[in-house]
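The values are calculated or read from the model by the stated rules, or taken from the named source; none is laboratory data. Everything quoted here is computed from the prediction, not taken from an experiment. We place every Cβ from the backbone using ideal geometry, glycine too, and count neighbours over all the protein chains shown. Surface areas here come from the heavy atoms of the whole protein model, side chains and all, with no ligands, DNA or RNA. Shrake-Rupley method; radii C 1.70, N 1.55, O 1.52, S 1.80 Å.
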Amino acid sequence: MTEKLYYTDAYRDEFECKVMNLYTDDKYIYVETDRTAFFPEGGGQTSDRGFLGEAYVENVQIVDGKILHFVENNEENVKKLQNSTILKGKIDMKKRFSDMQQHSGEHIFSGIVHKLYGYNNVGFHLGSEVVTLDFDGVLNEEDICKVESLVNEAIWRNLEIRILYPSDEELKAITYRSKIEIEGQVRIVEIDGVDTCACCAPHVKRTGEIGLIEVVNFEKYKGGTRVSILCGERALKDIRHKLNENRKVSVITKAKQSETAEAVERLMKEKDRLEFDLVGANREILFSKAETISDDKRIIVFDRKLQGKLLTEFTEAIKNKATDFVACFCGENGSYRYCIASRTVDLHPLARALNIAFNGKGGGRGEMLQGSLTGAEEDIRAFLDSITL
Ligand SMILES: [Zn+2]
């Protein structure tokens, strides 16, 4: 059984260990040691990374009760590990400390939610981007804001986070979250007045080290609520990024940084109004154009103004001018929406041939078919001029 150094000292980033076993497959060398400070993946948290000797440890897992360090199986690593019985381990402390901040923050968040609303944390995932917490009850925006504030207050109070190893008797007297059947010693993580929870992971010593918690999202999930949080440097980076985006919006809209949403809303309304006016103006231009189109066997029109409903309206307006068919196209750079109409010809074989030739899709019923395709205008024109009906 490997001694778990991460259990007793979360800040220990260097250690010496003896190699007990080396297992290999095509991809990895799995190193089993007599002791380790590497936290293995578990309970929704990814493992530590770092070095064993000079070999890079990219993952650590518990397999059949054994803690195995995953090292890429290549000639160099085999040489590095083969002749070493004693190795120096070195943890990537930047990742570890960030994980500790996220995990301790999660305990405070879950503890406060449990205290205020009685909901349980039934799912936890500490990934490389965000931390997600699933609660078995519904939290609204007001609840989330309240909890976020209380968690931050608990962080600023710089409370001690204690790790306890109670005896069976002592355990009976403790009320704690995550009461699952655990064989052997139960490890309790206690944050004064905020939370008590069974947990195997490394935690910060005092809540102040978490620095800051930010709720980045919350949504309904399986009848409860999924909350996404960031703690410490992750929260700072996220806020910095969002502030920077807001600063850019402020420059573009010439609005104060505190009034960007209002400015964007104004611009969107203005855009909708201009679009409405543009469609009206285009409709007038197109219908004047429709009047100038002479009767013909086949009429093919390409026009960028045929946007939205104008494509079908315009096609309808000139439909009777062609004895074979009318084909109208709107788009640019070889990507078009089309509308074909005819009062004499069954259009389905034509549309099928067109779609095959120009990687298109679409259809419809009756005398008018619609779709989209890609191709050069001159090729599409040539195809439609020459096709036999
Ligand atoms: Zn935990």
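Brief remarks follow.
- If the condition is being part of a strand (DSSP E or B), of a type in the set (Asp, Glu) and open to solvent by 40 Å² or more (accessible area, probe 1.4 Å), then the stretch 8-36 contributes 14, 16.
- All conditions but one from (1) touching a residue at least 60 places away in the same chain (Cβ under 8 Å); (2) assigned to a loop (DSSP other than H, G, I, E, B); (3) open to solvent by 70 Å² or more (accessible area, probe 1.4 Å) apply to residue 185; the one that does not is (1).
- Residue in the stretch 82-93 that is more than 22 Å from residue 4 (Cα to Cα) and outside any strand (DSSP E or B) present: yes
- Within the stretch 371-389, restricting attention to residues that are of a type outside the set (A, V, I, L, M) and assigned to a loop (DSSP other than H, G, I, E, B), the residue that is modelled with the highest pLDDT is 375.
- Residue satisfying all of: in the stretch 63-114; within 16 Å of the ligand (Cβ to nearest atom) and more than 15 Å from residue 211 (Cα to Cα); most open to solvent (accessible area, probe 1.4 Å) among these: 114
- Residues in the stretch 37-61 that are open to solvent by 50 Å² or more (accessible area, probe 1.4 Å) and more than 16 Å from the ligand (Cβ to nearest atom): 49, 51, 54, 56, 58.
- Taken over the stretch 194-243, the residue count meeting the criterion of being assigned to a loop (DSSP other than H, G, I, E, B) and either open to solvent by 50 Å² or more (accessible area, probe 1.4 Å) or within 16 Å of the ligand (Cβ to nearest atom) (or both) is 11.
- The residue that is farthest from the ligand (Cβ to nearest atom), counting only those in the stretch 169-182 that are surrounded by fewer than 18 Cβ atoms within 10 Å (Cβ to Cβ) and modelled with pLDDT under 90, is 181.
- Taking residues in the stretch 8-34 that are on the phi > 0 side of the Ramachandran plot, and partners anywhere that are crowded, with 17+ Cβ neighbours inside 10 Å, not one pair has Cβ atoms closer than 7 Å while being at least 6 places apart or on different chains.
- Of the strands (runs of 3 or more DSSP E) entirely within the stretch 99-164, those holding at least 3 residues that are within 22 Å of residue 239 (Cβ to Cβ) and modelled with pLDDT of 95 or more occupy 131-135.
- Residue check for residue 309: closer than 25 Å to residue 279 by Cα, surrounded by fewer than 17 Cβ atoms within 10 Å (Cβ to Cβ) and modelled with pLDDT of 95 or more: no
- Test: residue in the stretch 275-290 that is in contact with a strand residue (DSSP E or B) (Cβ under 8 Å, 6 or more places away or on another chain) and hydrophobic (A, V, I, L, M, F, W, C): no
- Annotation: of all residues in the stretch 319-351 being over 22 Å from residue 305 (Cβ atoms) and surrounded by 14 or more Cβ atoms within 10 Å (Cβ to Cβ), the one that is farthest from the chain's Cα centre (by Cα) is 323.
- Considering the conditions (1) β-branched (Val, Ile, Thr); (2) assigned by TED's automatic domain parsing to the domain that holds residue 149; (3) open to solvent by 40 Å² or more (accessible area, probe 1.4 Å), residue 249 is excluded by exactly one of them, (2).
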